[in-house]
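Please treat every number below as a calculation from the coordinates, not as lab data. Because the structure is predicted, anything quoted here is derived from the model rather than measured. Cβ: placed from backbone, ideal geometry, glycine included. Neighbour counts: every protein chain shown.
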Amino acid sequence: MASKRYNPEEEQFLRQFVIPEEDRHRFTTVPWTGEYRWFRSANIVPLEHYRRGRVEEGVRPQAA
C-alpha cells in the first residue's frame, strides 16, 4: 500500500519554487533527477509523491 509523501502545505510551499513539468522544457534542458516535481493538470499524479508502505517480514503480497 502506498501513502502520500507530502502533505498539502508542503506541496503548496514546494510549488512556489518548482516549475511545473509542462513548462520545464522552456527553462532548462537538464534531465529530471528524482527531485520534487508537479504537474498543473489535475489528472496526473506523479508516483514519486507516494511511498510504499512497509511489508511485514515473512509476508509476501499475493499475485493477482
Give me the extension gain from PHE17 to TRP32: residue separation times 0.36 nm, minus the current Cα-Cα distance, reported in nm with one decimal.
3.9 nm
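By counting other Cβ atoms within 10 Å of each Cβ, how are GLU11, GLU22, GLU35 ranked from fewest to most?
GLU35, GLU22, GLU11
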